[in-house]
Amino acid sequence: MNQEVQEAPKVLAIERILARVLRLGSIIAAVLLAAGIGVMLVTGSTSPHRLITAGLITLLLTPVLRVLVAAVVFVKERDWLFALFCLVVLCSLAAGVTLGLVG
């Protein structure tokens, strides 16, 4: 029972860190997308496609960054099982991206 009480603040701290990563990534992606769409609407050109692309890439990479941050947190806390899970997820994502680029 006492160990569960001690682990609760750790879990909350990890959840807060991961929530901040997701929130920050989402905000950055939304700002980039809104800026790109806004510039496109104001100027009437398609030149701000780089902003929109950057926003979409940021949106796609946010979950990957979350897994990376989680892995670092778990390694720092010496929670090797969950660190291994994060490594497996990262390898799966890398394999998916690689296969998507190749084929």
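Numerical summary
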{"quantity": "Cβ pairs under 9 Å, 6+ apart, first in region 56-67 and free of Cβ contacts under 8 Å to residues at least 60 places away in the same chain, second in a helix (DSSP H, G or I) and acidic (Asp, Glu)", "calculated": "none"}
{"quantity": "Candidates 51, 60, 56, 84, filtered to the one that is surrounded by 15 or more Cβ atoms within 10 Å (Cβ to Cβ) and modelled with pLDDT of 90 or more", "calculated": "51"}
{"quantity": "Test for residue 70: is it more than 16 Å from the chain's Cα centre (by Cα) and small (Gly, Ala, Ser)", "calculated": "no"}
{"quantity": "Considering residues of region 62-86 that are in a helix (DSSP H, G or I) and not hydrophobic (A, V, I, L, M, F, W, C) only, the residue farthest from residue 35 (Cα to Cα)", "calculated": "76"}
{"quantity": "Pairs with Cβ under 8 Å, 6+ apart, first in region 1-23 and assigned to a helix (DSSP H, G or I), second modelled with pLDDT under 75 and surrounded by 10 or more Cβ atoms within 10 Å (Cβ to Cβ)", "calculated": "none"}
{"quantity": "Hits in region 87-103 (condition: of a type in the set (A, V, I, L, M, F, W, C) and either surrounded by fewer than 13 Cβ atoms within 10 Å (Cβ to Cβ) or not in a helix (DSSP H, G or I) (or both))", "calculated": "88, 91, 94, 95, 97, 99, 101, 102"}
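Per-residue answers, yes or no, for (1) assigned to a helix (DSSP H, G or I); (2) more than 20 Å from residue 88 (Cβ to Cβ):
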position	(1), (2)
30	yes, yes
37	yes, yes
45	no, yes
60	yes, no
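The values are calculated or read from the model by the stated rules, or taken from the named source; none is laboratory data. Only a predicted model underlies this, so the values are computations on that prediction, with no experimental measurement involved. So basically every Cβ, Gly included, is an ideal-geometry build from the backbone, and we count neighbours across all protein chains shown.
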